Amino acid sequence: MLKVGVIGLGAIGQRLIKGFEGHPDTVIAAVCDTFEERAKEVATELGGVQAFNDHNNMLEQTDLDLVYVAVPPKFHHAVASDVLAKGIHILCEKPLANSVEEAASLLKQAQDAGVVNAMNFPLNYSAGSKSFEKLINDNYVGELRRVQLKMHFPEWPRPWQQNAWVASKEQGGYVLEVGVHFIQQLQKIFGEVRVKDVQIQFPENPKASENAILAILELSDGTPVLIDGMSQIAGKEEITFTAYGTKGTLSLLNWGQLEGGKLGEEILPLELDSSLADSLIDNLVKALRGEEATIIDFAAGYEAQVVLEELRKG
Ligand SMILES: NC(=O)c1ccc[n+]([C@@H]2O[C@H](COP(=O)([O-])OP(=O)(O)OC[C@H]3O[C@@H](n4cnc5c(N)ncnc54)[C@H](O)[C@@H]3O)[C@@H](O)[C@H]2O)c1
């Protein structure tokens, strides 16, 4: 049984705790949150595992196989550095850090430590995005003409994630929270990408995150990538990742649905290939056992961060 420690017990930390607890090969051995009540409460719910309010105490006093870092982005660097200094395998939330320099530093520390270094980019394990990737590789759209990422939010932060950091320019915004998932997918499926032009707009409050972004990027073969982000607008949330090609159009819609059509046809829902669904935790277990595994590592996290920061700075 692999013993997992979790640092940061918010919405996302607690979501993955359920996954580790439900897996036959992993168990949560310790939890840590600077918010004392929350740490105690989660530890009690887990049947009385050790609770900490300072992650260094947790790292000193426990014997863990893997530490999952799920604190807000501006704390990733400090917390993950301490985990790596102890030589413990690590799973870090996205984005890897809160600047390119911090991301480069974590990548180097992870490589020097020689531990399994994984990022939680769930699209890499879901049937929707894996079906999208497979259809692209099977030439569904033909020769690629354009990739487009649309991120439209009636309200940001979204009603279910109302906390100060998600709304802040310092470490939040949807380019960082949502966009980075698709930057990573873009790099994985279509290869290297560089930013050509960015127009990013912010509301009057100087501390608030962006309310619009329009950006043009380019794949290494010159194919343009358009990013169209808007918030505080009418209508429904829509996150669409679309590939336009010489033979057809294919979209991954709202994280898990696929739709597409061939030239001259209507765009219609497409069935997912559910056999492609995979599990982050299964792959972490394999990686920790030294077996071949699908891990999105800190090197991929760093590559995504480079593009993310160019978009954020505008
Ligand atoms: N992979 C995904 O799909 C996905 C989705 C949403 C958010 N995230 C990422 O997950 C992370 C957490 O997001 P969230 O929405 O759960 O945030 P949250 O604000 O709900 O929770 C963060 C928790 O970390 C605690 N914390 C802060 N600093 C700490 C420290 N130094 N040590 C210990 N605990 C500390 C806070 O008290 C809080 O309980 C962020 O990096 C975010 O970008 C990932």
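Table: residues versus (1) in the same structural domain as ALA78 (by TED's automatic domain parsing); (2) modelled with pLDDT of 95 or more; (3) crowded, with 21+ Cβ neighbours inside 10 Å; (4) polar (S, T, N, Q).
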| position | (1), (2), (3), (4) |
| --- | --- |
| GLU102 | yes, yes, yes, no |
| LEU107 | yes, yes, yes, no |
| ALA113 | yes, yes, no, no |
| ARG145 | no, yes, no, no |
| PRO154 | no, yes, no, no |
Quick one: LYS286 ticks every box in (1) farther than 24 Å from LYS18 by Cβ; (2) in the same structural domain as PRO95 (by TED's automatic domain parsing) bar one, so which box is it?
-> (1)
If we only count strands (runs of 3 or more DSSP E) wholly inside the stretch 16-128, which ones have 1 or more residues that are over 16 Å from the mean Cα position of the chain (by Cα) and within 14 Å of the ligand (Cβ to nearest atom)?
-> 26-32, 50-52, 66-69
Any hit, the stretch 85-94, residues being basic (Lys, Arg) and more than 27 Å from GLY245 (Cα to Cα) = yes
When (1) in contact with a helix residue (DSSP H, G or I) (Cβ under 9 Å, 6 or more places away or on another chain); (2) at positive phi are applied to GLN305, the one that fails is (2)
Test result for GLY248, over 21 Å from the mean Cα position of the chain (by Cα) and surrounded by 13 or more Cβ atoms within 10 Å (Cβ to Cβ) | yes
Can you pull out the residues in the stretch 169-225 that are surrounded by 15 or more Cβ atoms within 10 Å (Cβ to Cβ), out of contact with any helix residue (DSSP H, G or I) (no Cβ under 9 Å at 6 or more places or on another chain) and among the aliphatic types (A, V, I, L, M)?
-> VAL178, ALA208, ALA212
Considering only the stretch 153-180, state which residues are outside any loop (DSSP other than H, G, I, E, B), of a type outside the set (Val, Ile, Thr) and over 14 Å from THR242 (Cα atoms).
-> PHE153, PRO159, TRP160, GLN161, SER168, TYR174, LEU176, GLU177
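The values are calculated or read from the model by the stated rules, or taken from the named source; none is laboratory data. These numbers were taken from a predicted model, which means no experiment stands behind them. Here the Cβ is made from the backbone with ideal geometry for all residues, glycine too, and neighbour counts use every protein chain on show.
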